[in-house]
Amino acid sequence: MPAKVFIDTNIVIYSLGQSSAKATLAAPLFAQRPTISTQVLTETANVTLKKLALPLADTAKLLAMLEATCHVEIVTPATIQRALNIVARYNFSWFDSLIIAAALDAECDTLYTEDLQHGQVIEGKLTVINPFIH
């Protein structure tokens, strides 16, 4: 069975780039229908609207494309409780812990992000991969 992957918001944002090295590495990660969470959708909307000044209509199209091409894990109260346990155990930031909890809830094997330690295995199940490390 192929690995089930989860993609963090920073990878989504880099995949939007036109010609950067990070865009070239990030875009192919979407080919295998990865998992994202409702948190990733909201963070993506925030970045595209505020930092990238993307028009609202373009942001809406981007979110619809992500919903169509990715599995979307809904952040539930149980996900939030799991994230609290992750904060307590690993001392990760709240938002990183929520991403990890959603990835674990979705039974993913791999979390693509540049925000955590490359190669770290969380709860013996989820391996963190920074796709920009060569």
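Any read-out appearing in this document is the output of simple, stated calculations on the displayed coordinates, not a laboratory observation. Model, not experiment: these values are computed from the prediction. FYI the Cβ positions are ideal-geometry reconstructions off the backbone, even for glycines, and counts take in every protein chain you see.
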Legend entry - Helix 56-69 axis, angle to the chain major axis (alpha carbon atoms, nearest 10°): 50 degrees
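Under 1.5 on a/c is rounded, so check that first for the stretch 58-134, then, if it is not, pick prolate when a/b is larger than b/c and oblate when it is not; a ≥ b ≥ c are the square roots of the alpha carbon gyration tensor eigenvalues.
On the way: a/c = 1.94, a/b = 1.27, b/c = 1.53.
In terms of gyration-tensor shape, oblate.
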Legend entry - Computed over the chain: relative contact order in percent, which uses C-alpha pairs under 8 Å that are six or more apart: 28 percent
Inset, instruction - Compute log10 of I(q)/I(0) for the stretch 5-129 with the Debye formula, placing one identical point scatterer on every Cα and leaving out solvent, at q = 0.18 Å⁻¹, to two decimals. - result: -0.95
Inset, instruction - Compute the long axis of helix 94-105 from its Cα atoms, compare it with the longest principal axis of the Cα atoms of the chain, and write down the angle in degrees, 0 to 90, nearest 10. - result: 80 degrees
Inset, instruction - Could you tally up the Lys pairs in the stretch 5-129 with alpha carbons closer than 23 Å? Skip any pair fewer than 8 positions apart unless they're on separate chains. - result: 5
Inset, instruction - In a Gaussian network model over the chain where Cα atoms closer than 10 Å are linked, find which of A27, A88, A45 has the largest mean-square fluctuation. - result: A88
Legend entry - Mean residue ellipticity (222 nm) of the chain, computed from DSSP H runs ≥ 4 via -39,500 (n - 2.57), nearest 500: -13500 deg cm²/dmol
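To the nearest 0.05, how large is the calculated FRET efficiency for Q18 and L84 if R₀ is 41 Å and r is the Cβ-Cβ distance?
0.60
With both bridge residues required to lie in the chain, what share of the DSSP beta bridges run antiparallel, to the nearest 5%?
Details: 2 of 12 bridges.
Rounded to the nearest five, the antiparallel share is 15 percent.
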